[in-house]
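A.B. asks: The structure's right below; bear with me while I get my questions together.
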């Protein structure tokens, strides 16, 4: 049946879903109009993912009503949802890495049309037309595995458009993007809206939510707790609805003038990555290092921990030289490193939470003949999990079962259990919700108060300004500017872009 002319594109009322007696969604309802961007906001565990799965037909609601264009949808399946124009772009994009850009864009369209054989000319023409619709240029013959993250995301959007998407659900679309790439994506979303495509935008980055969305829906503990035009919200109000509390965002207190020198970096250089890097880090200081993609910030972070071998320069901690290019030497010198990609570089996902923390303390709990004091090791790890308030059903659960914020706390617990002098945090709040982000920032402040030196590598400007005493700006591998932590966000953004 045709859609009613005045009906919303998607309408939900009283949607409820439980899992084994645990309520994931309770009495949730809202609507989305064609050409409208709606923000679905909430912390991890608020019910956002469950609602997305129900709209996509992956999960079935227990009760409630869903209609597309005024037509009731009973027994939604992935096939019927896709046929109605509902497309989901998940965080991993779900692309075929060994296929070309054109093949990835055209695959679903060919499958949906029921073609038994792929017509490469037809696929290429469709892909080219879809890219032109978005006003972007990507090599159609490039394998997707060779593309940067931002281009992979554009390919995923084009694949949705190639199958006549009417609603595109974007799940944390900006997590791995730089500031410039985020601006490009937001421009794409505006173009989609102008073309009549609706967008359900799920993001922990509240500034982006308020910039691109007309309407906001907030979930907390499975219930809708706020809804209204985006103009009625600011970041503080949105955060309060999501978490149920006010979150402090004031810059740190000034560093005492007699704070001891912890780390001295002199003349650190790596051809093609960074050059002539000099800075000091004092006890209790939080030092930010920021820069656009290609600035060298991540290579520098890895070099401080020995994962990248500099060509020249020196790193000293407490007045003693640290062997360069040697992570074990860096760790023994009191340097800890929390990587940006915790899933592939920071955690053993299939191992227990306890083991992920305990591995950082094996030396301290070793006995004769290589035997471990397991009771002491587990007691030590459990204590750190309690200190950092890691939320888990049990400490023996696999770490992959945790939310992003709790996974980050596990990595922090592993390093803090070693009593480091300097902690390098590369993207400390990447992929975590606003509540967990505030708690991680609180942990950084506590570490600073205890006298640790903390280096925060980030392109999240509010994060830098609320946690750091000083911020170093990198461009083309060199430190080009230094700003105080209380600097206005617009000034920091201008220095980064200049």
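The values are calculated or read from the model by the stated rules, or taken from the named source; none is laboratory data. For clarity, every value in this text was computed on a predicted model and none was experimentally measured. Cβ coordinates were reconstructed from backbone atoms using ideal geometry, including for glycine residues, and neighbour counts include every protein chain displayed.
A.B. asks: Among what's in the stretch 446-465 and is in a helix (DSSP H, G or I) and within 18 Å of the chain's Cα centre (by Cα), pick the residue that is surrounded by the fewest Cβ atoms within 10 Å (Cβ to Cβ).
C.D. replies: Per the stated criteria, the residue is 462.
A.B. asks: State all residues of the stretch 71-99 that are at positive phi and at pLDDT 90 or above; if no residue qualifies, say none.
C.D. replies: Scanning the stretch 71-99 gives a single hit, 85.
A.B. asks: Which of (1) at pLDDT below 90; (2) under 23 Å from residue 135 (Cβ atoms) does residue 204 not meet, given it meets every other one?
C.D. replies: (2)
A.B. asks: Which helices (runs of 4 or more DSSP H) sit wholly inside the stretch 36-147 and have at least 2 residues that are surrounded by fewer than 17 Cβ atoms within 10 Å (Cβ to Cβ) and free of Cβ contacts under 8 Å to residues at least 40 places away in the same chain?
C.D. replies: 78-83, 120-134
A.B. asks: Among the residues that make up the stretch 155-168, is at least one of them under 19 Å from the mean Cα position of the chain (by Cα) and either surrounded by fewer than 19 Cβ atoms within 10 Å (Cβ to Cβ) or not assigned by TED's automatic domain parsing to the domain that holds residue 294 (or both)?
C.D. replies: yes
A.B. asks: If you don't mind, another one. Does the stretch 466-498 hold any residues that are crowded, with 18+ Cβ neighbours inside 10 Å, at pLDDT 80 or above and more than 25 Å from residue 272 (Cα to Cα), and which are they?
C.D. replies: 466, 467, 468, 469, 470, 483 - these are the residues of the stretch 466-498 that are crowded, with 18+ Cβ neighbours inside 10 Å, at pLDDT 80 or above and more than 25 Å from residue 272 (Cα to Cα).
A.B. asks: Okay, next question. Name every residue in the stretch 414-445 that is more than 17 Å from residue 466 (Cβ to Cβ) and assigned to a loop (DSSP other than H, G, I, E, B), in order of residue number.
C.D. replies: Within the stretch 414-445, 417, 418, 419, 420, 421, 431 qualify.
A.B. asks: Additional query: Check whether at least one residue in the stretch 320-327 is touching a strand residue (DSSP E or B) at 6+ places or on another chain (Cβ under 9 Å), assigned by TED's automatic domain parsing to the domain that holds residue 445 and in contact (Cβ under 8 Å) with a residue 60 or more places away in the chain, and report yes or no.
C.D. replies: Checked against the condition, which is being touching a strand residue (DSSP E or B) at 6+ places or on another chain (Cβ under 9 Å), assigned by TED's automatic domain parsing to the domain that holds residue 445 and in contact (Cβ under 8 Å) with a residue 60 or more places away in the chain, the stretch 320-327 yields no hits at all.
A.B. asks: Check off (1) at pLDDT below 90; (2) part of a helix (DSSP H, G or I); (3) surrounded by fewer than 18 Cβ atoms within 10 Å (Cβ to Cβ) for residue 150 and give me the number that stays unchecked.
C.D. replies: (3)
A.B. asks: Shifting gears a bit: Given the stretch 229-339, what strands (runs of 3 or more DSSP E) lie entirely inside it while holding 1 or more residues that are over 29 Å from the mean Cα position of the chain (by Cα)?
C.D. replies: Filter on the stretch 229-339 gives 261-270, 274-282, 312-317.
A.B. asks: Give the residue, chosen from 262, 268, 293, 287, that is touching a residue at least 24 places away in the same chain (Cβ under 8 Å) and out of contact with any strand residue (DSSP E or B) (no Cβ under 6 Å at 6 or more places or on another chain).
C.D. replies: It is 293.
A.B. asks: Taking the condition of being under 17 Å from residue 359 (Cβ atoms) and part of a loop (DSSP other than H, G, I, E, B), how many residues in the stretch 396-413 meet it?
C.D. replies: Going through the stretch 396-413 one residue at a time, the tally reaches 3.
A.B. asks: Let me ask something additional. Could you check how many residues of the stretch 153-196 are assigned to a helix (DSSP H, G or I) and closer than 17 Å to residue 87 by Cβ?
C.D. replies: The qualifying residues number 16.
A.B. asks: Can you find a residue that is buried (at least 16 other Cβ atoms within 10 Å of the Cβ) and either within 30 Å of residue 402 (Cβ to Cβ) or not assigned by TED's automatic domain parsing to the domain that holds residue 398 (or both) anywhere in the stretch 266-275?
C.D. replies: No.
A.B. asks: Let me ask another. What are the residues in the stretch 422-433 that are under 16 Å from residue 203 (Cβ atoms) and crowded, with 22+ Cβ neighbours inside 10 Å, if any?
C.D. replies: Passing the criteria: 427, 429, 431, 432, 433.
A.B. asks: Any idea which of (1) part of a loop (DSSP other than H, G, I, E, B); (2) at pLDDT 95 or above is the one residue 14 doesn't satisfy?
C.D. replies: Only one criterion is unmet by residue 14, namely (1).
A.B. asks: Residue 293 versus (1) over 12 Å from residue 479 (Cβ atoms); (2) buried (at least 17 other Cβ atoms within 10 Å of the Cβ): which is the lone unmet condition?
C.D. replies: (2)
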